[in-house]
Amino acid sequence: MDPTEFWPDLFELSPESCDEFAAFVTEELGIQMTGEKASMLRSRLARRMRDLNLPSFEHYREYLFNPVHIEEERIHFIDAVTTNKTDFFREPTHFDYLVKVVLPHVERNNRGAAHRFHLWCAGCSSGEEPYTQAIVLSEYGKQRFGFDFAILATDISSKVLKHAHAGIYESARVEPVPPELRSRYFRRARDTESDLVRVVPELRSKISFHRLNFMDEDYFVRDKFDAIFFRNVLIYFDKATREVVINKLCRNLKPGGFLFTGHSESLAGLDVPLTLIAPAVYGRAA
Ligand SMILES: C[S@@+](CC[C@H](N)C(=O)[O-])C[C@H]1O[C@@H](n2cnc3c(N)ncnc32)[C@H](O)[C@@H]1O
């Protein structure tokens, strides 16, 4: 329920306060909050105000920026303002590309030696994307002796990370997963009334979830990755921020590695060490 629909007069957000909240979002997350996003900001923050029993945006502004609350409230604020839309097997051509091009390429480079494929799911939201990757990589590994993989999955929102870590979804959410894979990689809840399914432990153990803000100076990620999925995050950043973030991600991308973006995103015009090699797939020179 959107409380602003029912009590609009209680949820008047002055242009000054709106600008202040929007500036805070950009400063914290790099996310641009312009135009129609202001009304989205209003309804998302109204929900948080209701949880705190605060009667107006002015009260919430005072609460948020109060040094006593800011550290803890920043986490809730970020949870409230991020857009976490995702799906299992979203933009599926990327998973075909992973299996048909990327993995054979990495395998050839390793000349058949045992290899652990390192993948970073950057901006993983509630887990549907890294679990899709884990399913695809597990299936690939079944036919390849000596193949193993590890996935790092990061996001800024603690709320979605908690969900991702638990790996529990309503059964309708897993419908994009082909039935055979669904029965292999998900278990129904013991309670027969429940509509929930959970990712099997063998798959969960392949992913490590961490909180990471792309705006941080140092990501403190020391691994080098064969591929990075960075899909549907760039759209929220301005050009300068995109360039900085992509260059930072590239520090952790192996030479010859692959970076995937969302199909509606482009790196055109950015000064980054990547070349477009397929729709929304970029390669780093070897
Ligand atoms: C629209 S979702 C995309 C999820 C997934 N990659 C996909 O394509 O389905 C964008 C995610 O980026 C995260 N995000 C936004 N700004 C971020 C930042 N500054 N640092 C880290 N994660 C951020 C959000 O919390 C959200 O979960």
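Residues that are free of Cβ contacts under 8 Å to residues at least 12 places away in the same chain and within 13 Å of the ligand (Cβ to nearest atom) within segment 244-269 comprise just one, VAL244. Take the conditions (1) within 25 Å of VAL160 (Cα to Cα); (2) more than 12 Å from the ligand (Cβ to nearest atom); (3) touching a residue at least 24 places away in the same chain (Cβ under 8 Å); THR241 misses just one of them, which is (2).
Within segment 270-286, how many residues turn out to be part of a strand (DSSP E or B) and either within 16 Å of the ligand (Cβ to nearest atom) or under 21 Å from ARG116 (Cα atoms) (or both)?
Applying the first criterion (part of a strand (DSSP E or B)) to segment 270-286 yields 274-278, 281-284.
Adding the requirement that they be either within 16 Å of the ligand (Cβ to nearest atom) or under 21 Å from ARG116 (Cα atoms) (or both) leaves 281-284.
Total meeting the criteria: 4.
Scanning segment 188-209 for residues that are surrounded by fewer than 14 Cβ atoms within 10 Å (Cβ to Cβ), part of a strand (DSSP E or B) and at pLDDT 95 or above returns a single hit, SER208.
Could you say which residue among PRO55, PRO130, PRO67, PRO92 is farther than 25 Å from SER208 by Cα and modelled with pLDDT of 95 or more? Steps first, please.
Details: PRO55 fails: modelled with pLDDT of 95 or more; PRO130 fails: farther than 25 Å from SER208 by Cα; PRO92 fails: farther than 25 Å from SER208 by Cα.
Among PRO55, PRO130, PRO67, PRO92, only PRO67 is farther than 25 Å from SER208 by Cα and modelled with pLDDT of 95 or more.
From the list GLU139, GLU180, pick out the single residue that is more than 14 Å from the ligand (Cβ to nearest atom), surrounded by fewer than 21 Cβ atoms within 10 Å (Cβ to Cβ), under 26 Å from HIS263 (Cα atoms) and not aliphatic (A, V, I, L, M).
Working: GLU180 fails: under 26 Å from HIS263 (Cα atoms).
It is GLU139.
Considering segment 244-269 alone, what residues qualify as being buried (at least 16 other Cβ atoms within 10 Å of the Cβ) and either out of contact with any Phe, Trp or Tyr (no Cβ under 9 Å at 6 or more places or on another chain) or in a loop (DSSP other than H, G, I, E, B) (or both)? Residues satisfying the conditions are CYS250, ASN252, GLY262, GLU265, LEU267.
In this entry, LYS85 passes the filter for residues that are farther than 24 Å from PRO201 by Cβ, among the charged types (D, E, K, R) and near the ligand (Cβ under 9 Å from one of its atoms).
Checking the structure you have, find out if any residue of segment 97-118 is closer than 30 Å to LYS206 by Cα, within 13 Å of the ligand (Cβ to nearest atom) and modelled with pLDDT of 95 or more. Among the residues of segment 97-118, not one is closer than 30 Å to LYS206 by Cα, within 13 Å of the ligand (Cβ to nearest atom) and modelled with pLDDT of 95 or more, which makes the answer no. Taking the condition within 16 Å of the ligand (Cβ to nearest atom) and modelled with pLDDT of 85 or more, does ARG50 pass? No.
A search for C-beta distances below 6 Å between a residue of segment 19-34 that is at positive phi and any residue that is within 10 Å of the ligand (Cβ to nearest atom), counting only pairs 6+ apart in sequence or on different chains, returns GLY30/MET215; GLY30/PHE237; GLY30/THR241.
Examine segment 118-133 for a residue that is surrounded by fewer than 19 Cβ atoms within 10 Å (Cβ to Cβ), of a type outside the set (Val, Ile, Thr) and in contact (Cβ under 8 Å) with a residue 24 or more places away in the chain, and state whether such a residue exists. If you could, list the steps in order and put the result at the bottom.
Just the residues of segment 118-133 that are surrounded by fewer than 19 Cβ atoms within 10 Å (Cβ to Cβ), to begin with: none.
Within segment 118-133 (the criterion being surrounded by fewer than 19 Cβ atoms within 10 Å (Cβ to Cβ), of a type outside the set (Val, Ile, Thr) and in contact (Cβ under 8 Å) with a residue 24 or more places away in the chain), the answer is no, since none of the residues qualifies.
Can you name the residue in segment 142-155 that is within 11 Å of the ligand (Cβ to nearest atom) and surrounded by 23 or more Cβ atoms within 10 Å (Cβ to Cβ) and, of all such residues, is farthest from VAL221 (Cα to Cα)? Walk me through how you get there before you give the answer.
Quick first cut of segment 142-155, residues within 11 Å of the ligand (Cβ to nearest atom) only: 153-155.
Now narrow it down to the ones that are surrounded by 23 or more Cβ atoms within 10 Å (Cβ to Cβ): 153, 155.
Values: ALA153: 11, ASP155: 13 Å.
The extreme case among them is ASP155.
So which residues in segment 70-86 are more than 23 Å from GLY127 (Cβ to Cβ) and surrounded by fewer than 15 Cβ atoms within 10 Å (Cβ to Cβ)? Please lay out each step first, then the result.
At the first step, the residues of segment 70-86 found to be more than 23 Å from GLY127 (Cβ to Cβ) are 70-73.
Listed by number, the residues that qualify are ILE70, GLU71, GLU72.
The values are calculated or read from the model by the stated rules, or taken from the named source; none is laboratory data. Since the model is a prediction, treat every value here as computed from it, not as a measurement. Heads up, the Cβs are rebuilt from the backbone with ideal geometry, glycines too, and the neighbour counts pull from every protein chain shown.
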